[in-house]
Amino acid sequence: MCGDIMFSTYFILFILYSFLGWCCEVTLSLIENKKFVNRGFLIGPYCPIYGWGCLLFVLFLSDYAEEPFALFALSIIICSILEYFTSWIMEKLFKMRWWDYSDMKFNINGRICLETMIPFGVAGVLIISFINPFVMNIINSIPSNIVTLIAVILAVLFIVDNIMSFNIIFNLKNMTKNLKKDSTEDIKKHIKNATQNNKYLYNRLIKAFPGLKKIIIENKKRIKAKKKKLKEKEKLRKKKLNS
């Protein structure tokens, strides 16, 4: 398998497993909450953390296909490390927790817990022993130029999705920075853009990650308090001028 085809194949696997991960998240949400929630912070139906995890399985654990116990244990280790550092990086980047297992037993800093580690091990065994060989047989039966074309199309859609999604998230983050200014107009503009120009993505993010709602509520409260403070300053200034 040449370099271009190998890269295209791995990217298709990444998107496919990201989609399957999204399906698992949506199914769990349907079972727990009795309603559909488009999980993940991207617009499309995929959760990249699942794609990266499964891709790591394929790259590093394929040789353990005949050793289910070793495969199970190594899958847990790989995915636990991935989930922990993904949580840490996203918290540092966006200044908030996207998921928190603090209320679950056997958790580490609320970023990973035993309840999610076990399914990671099971997933690793299923993917390496059964799912990935089946998927690779299908991909290998497709002409290489078609595989490359599919990968390019998926990559373009994925990049555009990331740009749009990160844009609104950083807009929400920047609202906090703008609170240091004396005027509330710029801050209100950010909220208006987040809630109107990107209404679909904004509402989807709030449903997928309820923690985001705290940012909006806190920012609105602080904007209201700042606006009140500015009014009081203006009244005091006018009072001094009239005296």
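The values are calculated or read from the model by the stated rules, or taken from the named source; none is laboratory data. In this text, all values refer to a predicted model and were calculated from it rather than measured experimentally. Every residue, glycine as well, gets a Cβ built from its backbone with ideal geometry; the counts of neighbours run over all protein chains shown. When the accessible area is computed, the model is the full protein with side chains, heavy atoms only, and any ligands, DNA or RNA have been set aside. Shrake-Rupley method; radii C 1.70, N 1.55, O 1.52, S 1.80 Å.
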Any chance region 125-136 includes a residue that's more than 20 Å from residue 60 (Cα to Cα) and of a type in the set (S, T, N, Q)? no
Report, by residue number, each residue of region 117-135 that is hydrophobic (A, V, I, L, M, F, W, C) and in contact (Cβ under 8 Å) with a residue 12 or more places away in the chain. 117, 118, 120, 122, 123, 125, 127, 128, 135
Taking into account only those residues within region 13-54 that are open to solvent by less than 30 Å² (accessible area, probe 1.4 Å) and among the β-branched types (Val, Ile, Thr), which is farthest from residue 112 (Cα to Cα)? 15
Region 147-160 residues that are modelled with pLDDT under 95, paired with ones that are of a type in the set (Asp, Glu) (beta carbon under 8 Å, 6 or more apart): 148/4
Determine whether residue 87 is among the small types (Gly, Ala, Ser) and under 13 Å from the mean Cα position of the chain (by Cα). yes
Residues located in region 1-12, provided they are surrounded by 14 or more Cβ atoms within 10 Å (Cβ to Cβ) and small (Gly, Ala, Ser): 8
Kindly provide the set of residues from region 96-125 that are over 14 Å from residue 49 (Cβ atoms) and assigned to a loop (DSSP other than H, G, I, E, B), ordered by number. 96, 97, 100, 101, 102, 103, 104, 105, 106, 109, 110
Of all residues in region 60-95 being outside any helix (DSSP H, G or I) and over 15 Å from residue 132 (Cβ atoms), which is modelled with the lowest pLDDT? 95
Might you check whether a residue that is touching an Asp or Glu at 6+ places or on another chain (Cβ under 6 Å) and more than 17 Å from residue 20 (Cβ to Cβ) occurs anywhere in region 68-75? no
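What about residue 57, is it in a helix (DSSP H, G or I), at pLDDT 95 or above and over 11 Å from residue 128 (Cα atoms)?
On the way: in a helix (DSSP H, G or I): yes; at pLDDT 95 or above: yes; over 11 Å from residue 128 (Cα atoms): no.
Here the answer is no, as residue 57 does not meet what is asked.
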Testing residue 161 on (1) in a loop (DSSP other than H, G, I, E, B); (2) surrounded by 13 or more Cβ atoms within 10 Å (Cβ to Cβ); (3) among the acidic types (Asp, Glu), one condition comes back false. Which one is that? (1)
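Starting from residues that are assigned to a helix (DSSP H, G or I) and among the aliphatic types (A, V, I, L, M), keep the ones in region 23-54 and report whichever is nearest to residue 158 (Cα to Cα).
In this case the residue turns out to be 49.
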Within region 77-116, track down each residue that is free of Cβ contacts under 8 Å to residues at least 60 places away in the same chain, in contact with a helix residue (DSSP H, G or I) (Cβ under 6 Å, 6 or more places away or on another chain) and open to solvent by less than 30 Å² (accessible area, probe 1.4 Å). 79, 80, 111, 112
